[in-house]
Amino acid sequence: MGRTRSPRCWLSKVRSKSTASHAQQHLHGLAKVSDTLRARPDRGMDKSGLSRADIENFLNRMAFLDANGRFTTNTRISYVRMARNVLKQCRVMGLTRPEGPMAGLPDDFVITRLDVPKAPEPSEEGQDLPPDVMRQLCAHLDSFEAMTCLEIRLSVELLMDTGRRPDEICRLELNCLTRDSQGKPVLLYNNWKEQRIGRQLPIHEPTAKLITEQQKRVRERFPDRPPSSLVLLPAQNLNLRGDRSVDSNHLSAMHREWVEKLPDFVLDDGTVFDKEKIFPYIYRHSFAQRHADAGVPVDVLADRTQAVTCGAFALRAHRSTRPATSRRPGGCPGSGSPTEPALRDPHRARQRHRPAAVPAPPRRRPLTGQNTPTAPTRPSRIMWCRSCPAAGRAGRGVRRR
């Protein structure tokens with residue numbers, strides 16, 4: 001009799017890596033509503049006595065706590081949005097009917113769409129890391145491996161090189177590397193956030209070499225297991241079968257500890273960069289910024305979530321006009337690595353051939369052949385954004401500058 005898969009295991013495939021996080025967000029929102037209702041004389045136990053005034057008290061309390069620094073604005077928005085979702089779904093499911101568990105709940109005890117605070121506008125400076133900081137991080141990757149393990153270090157290198165989300169990198173399968181019709185390396189990954197499986201991303205040869213070497217190490221560690229059941233970045237402990245990958249939360253915690261131990265990040269102008277702004281997800285924003293500086297159009301760069309992608313980078317005049325080939329010898333963004341093949345959409349490629357320059361990923365060591373000419377561009381597969389105007393949509397949700 002085969003092993004029965006638990007509901008938690010199934011939910012981890014259809015929702016996210018952590019099945020508890022999705023439910024906890026809603027429970028936290030309800031807990032804040034409950035804290036507000038405790039101020040009533042009946043402590044909120046009489047459902048028929050609730051009204052719109054209690055909702056307004058909840059919203060005012062969230063605004064007060066946000067203004068006094070008890071939590072961030074994004075946390076306030078999350079609490080209000082999650083509480084709204086629960087109240088709305090309870091009514092849709094008929095729980096407020098006379099025989100339901102929420103019978104007697106007044107109709108005006110509801111959080112409307114207009115009650116959810118508006119999210120703050122992203123900073124015009126973007127959210128990427130300056131090239132000086134990236135160079136210093138690459139120079140200290142050896143110390144990161146010494147305090148963690150090779151798999152954790154490799155995950156950070158892949159985050160820098162590919163711009164994928166931490167959860168997408170940590171959960172890469174062993175057979176995540178393939179070649180296109182021209183023999184160029186392509187990364188196969190799963191977009192767990194949007195539930196798009198089998199995405200393809202053209203990558204550079206140095207990045208493909210890192211993956212190939214890691215694949216050999218995993219096969220040597222688990223020689224008796226089929227490759228289809230192995231992961232690229234297996235955890236070190238409690239992983240006899242090789243199917244348990246490194247945890248993205250553990251990666252974030254070790255990354256924070258590593259960054260705090262590093263010396264101050266002094267920029268070229270003499271200012272010290274804030275270490276609180278360095279976290280695993282920031283490499284995704286830096287990846288988008290490097291492509292924007294190299295002239296990649298936003299409709300090509302967007303990957304299903306253009307509204308978020310557009311907010312992650314800004315086209316700056318003093319950087320977007322700098323050619324990608326004017327980089328100094330080194331191993332990080334803006335430091336001299338040759339430009340690799342272009343990213344283009346296959347649908348647009350059939351209509352016109354317009355290459356887009358792709359900046360080289362950050363490297364922990366200088367690459368050989370830095371004076372070689374730029375590699376020829378090639379058509380590659382890229383994912384369209386659902387709200388992308390170039391894809392024939394209305395472009396809703398895209399913040400235009």
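Okay, residues lined up against (1) touching a Cys at 6+ places or on another chain (Cβ under 8 Å); (2) assigned to a helix (DSSP H, G or I); (3) surrounded by fewer than 14 Cβ atoms within 10 Å (Cβ to Cβ):
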| site | (1), (2), (3) |
| --- | --- |
| Q136 | no, yes, no |
| F144 | no, yes, no |
| R153 | no, yes, no |
| T178 | no, no, yes |
| R199 | no, no, no |
With the first residue restricted to the stretch 17-42 and required to be surrounded by 13 or more Cβ atoms within 10 Å (Cβ to Cβ), and the second required to be at pLDDT below 90 and assigned to a helix (DSSP H, G or I), Cβ contacts under 7 Å at 6 or more apart or on different chains are T19/R8; T19/L11; T19/S12
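Would you check which residues across the stretch 76-96 are assigned to a loop (DSSP other than H, G, I, E, B) and surrounded by 12 or more Cβ atoms within 10 Å (Cβ to Cβ) and list them? Quick ask: steps written out before the conclusion?
The first filter runs over the stretch 76-96 and keeps only residues assigned to a loop (DSSP other than H, G, I, E, B), leaving 93-96.
If the condition is that a residue be assigned to a loop (DSSP other than H, G, I, E, B) and surrounded by 12 or more Cβ atoms within 10 Å (Cβ to Cβ), then L95, T96 are the ones that fit.
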- prompt: Hey, any hits in the stretch 70-92 for a residue that's within 19 Å of D35 (Cβ to Cβ), more than 31 Å from the chain's Cα centre (by Cα) and in contact (Cβ under 8 Å) with a residue 24 or more places away in the chain?
  reply: no
Of (1) β-branched (V, I, T); (2) part of a helix (DSSP H, G or I); (3) touching a residue at least 12 places away in the same chain (Cβ under 8 Å), V110 fails just (2)
With respect to D108, is the statement that it is outside the structural domain of N249 (by TED's automatic domain parsing) and more than 30 Å from L233 (Cβ to Cβ) true? yes
All-but-one check, Q195 against (1) on the phi < 0 side of the Ramachandran plot; (2) under 16 Å from the mean Cα position of the chain (by Cα), failing number (1)
* Answer yes if at least one residue in the stretch 149-171 is closer than 21 Å to L262 by Cα, in contact with a strand residue (DSSP E or B) (Cβ under 8 Å, 6 or more places away or on another chain) and either touching a residue at least 40 places away in the same chain (Cβ under 8 Å) or in the same structural domain as Y283 (by TED's automatic domain parsing) (or both), and no otherwise. => yes
Going through the stretch 180-197 in order, the residues found to be crowded, with 20+ Cβ neighbours inside 10 Å and not aromatic (F, W, Y) are P185, L187
Across (1) more than 19 Å from S34 (Cβ to Cβ); (2) assigned by TED's automatic domain parsing to the domain that holds H22; (3) assigned to a loop (DSSP other than H, G, I, E, B), P120 clears everything bar (2)
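The values are calculated or read from the model by the stated rules, or taken from the named source; none is laboratory data. On a predicted model such as this, the values are computed, not experimentally measured, just so you know. Quick reminder, even Gly has a Cβ in these numbers, built from the backbone with ideal geometry, and neighbours come from all protein chains shown.
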